[in-house]
Amino acid sequence: MPYADPLTEAELPAALREIPDWELDGTVIRRSTTTHDFAGAVALVDAVAAAAEAVNHHPDIHLTGYRRVSFELTTHAVKAVTRRDIDLAKQIDRLILGDR
């Protein structure tokens, strides 16, 4: 399966088990986290932006309440969750864990 093909109904449950803190909402996966402070939130956003640029796959990022950051991933070209989304979600998880 090419990297940017939609995950099938059979593949999706196993892929989601790789990223247990993310939830599936239709064709989007999302996760939120709360950092210690505003500077931590901005640093996390910057780190995720750099990781996304490195793989040329960009999440929607929302910073609210000065320290709550949410991420949404989908592959717009196919309007579905792909392996690219799962892999970037795993990178984001590692960055979130590094923030704590």
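Leu63: in contact with a helix residue (DSSP H, G or I) (Cβ under 8 Å, 6 or more places away or on another chain), under 20 Å from Tyr3 (Cα atoms), aliphatic (A, V, I, L, M) and surrounded by fewer than 17 Cβ atoms within 10 Å (Cβ to Cβ), yes or no? Taking the combined requirement at face value, the residue does not satisfy it. Only one of the numbered conditions (1) crowded, with 16+ Cβ neighbours inside 10 Å; (2) under 14 Å from the mean Cα position of the chain (by Cα) is not met by Ala41, and that is (2). With the structure loaded, tell me whether Ala4 is over 17 Å from Leu73 (Cα atoms), more than 13 Å from the chain's Cα centre (by Cα) and among the aliphatic types (A, V, I, L, M) or whether it fails that test. Considered against the rule, which asks whether it is over 17 Å from Leu73 (Cα atoms), more than 13 Å from the chain's Cα centre (by Cα) and among the aliphatic types (A, V, I, L, M), Ala4 comes out as no. Among what's in region 16-34 and is of a type in the set (Ser, Thr, Tyr) and within 13 Å of Ile92 (Cβ to Cβ), pick the residue that is surrounded by the most Cβ atoms within 10 Å (Cβ to Cβ). Taking the candidates together, the pick is Thr33. Looking only at region 67-100, count every residue that is surrounded by 12 or more Cβ atoms within 10 Å (Cβ to Cβ), without any contact (Cβ under 8 Å) to a residue 40 or more places away in the chain and more than 12 Å from the chain's Cα centre (by Cα) and tell me the total. Residues meeting the conditions: 2.
Just a yes or no: is a residue in region 4-13 in contact with an Asp or Glu (Cβ under 7 Å, 6 or more places away or on another chain) and surrounded by 12 or more Cβ atoms within 10 Å (Cβ to Cβ)? No: zero hits.
Since every read-out is calculated from the coordinates, none of them should be taken as a lab result. Model, not experiment: these values are computed from the prediction. Quick reminder, even Gly has a Cβ in these numbers, built from the backbone with ideal geometry, and neighbours come from all protein chains shown.
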